[in-house]
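The values are calculated or read from the model by the stated rules, or taken from the named source; none is laboratory data. Remember, it's a predicted structure, so these values are computed and weren't measured experimentally. Positions of Cβ are backbone-derived with ideal geometry, glycine not excepted, and every protein chain shown enters the neighbour counts.
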Amino acid sequence: VCVTNVRSFTSAFLFSIEVQVTIGFGGRMMTEECPLAITVLILQNIVGLIINAVMLGCIFMKTAQAHRRAETLIFSRHAVIAVRNGKLCFMFRVGDLRKSMIISASVRIQVVKKTTTPEGEVVPIHQLDIPVDNPLESNNIFLVAPLIICHVIDKR
């Protein structure tokens, strides 16, 4: 008998899972009588470690791709202020270098500047949101081709 307390396929399957995920055993355990079973046990653990490493690598690559994806977005070197639809606008262009499209992309413009409060406190990084002129009435964009982002210059 190579493994004690294994009488069916189900108990053999449970023993295999116990070997894969734990160090110790419950009622089922390997005996010294079958060197081949010990070899299979070692191979199962090695294959299990390889599978875990590959799965962890896949998950890591998926989460790391967001940073690499940001590197494929390009912005125009120069922004312009020009009249568009009878209004003075601040405009720049953004494009995506990859062939696969970004789903649910959104755009937000912020001005970051150093300010001083009326009390005299210096705020080194003061962030102001600037509205984006989008006919869809939202900040969502569809980057199938280079897109001109426009902010209407007004009192806001």
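Go through (1) outside the structural domain of I141 (by TED's automatic domain parsing); (2) within 30 Å of A145 (Cα to Cα) and name the single condition N45 misses.
The single condition N45 does not satisfy is (2).
Could you look through the stretch 102-135, keep only residues that are small (G, A, S) and modelled with pLDDT under 85, and pick out the one that is farthest from the chain's Cα centre (by Cα)?
Only one residue fits best here, namely S106.
Quick test for you: out of K62, K99, pick the one residue that is modelled with pLDDT under 85, exposed (fewer than 10 other Cβ atoms within 10 Å of the Cβ) and part of a helix (DSSP H, G or I).
K62
Residue pairs, Cβ under 7 Å, 6 or more apart or interchain, first in the stretch 130-156 and under 20 Å from S104 (Cβ atoms), second of a type in the set (F, W, Y) and at pLDDT 75 or above. List them.
Filtered contacts from the stretch 130-156: I149/F92.
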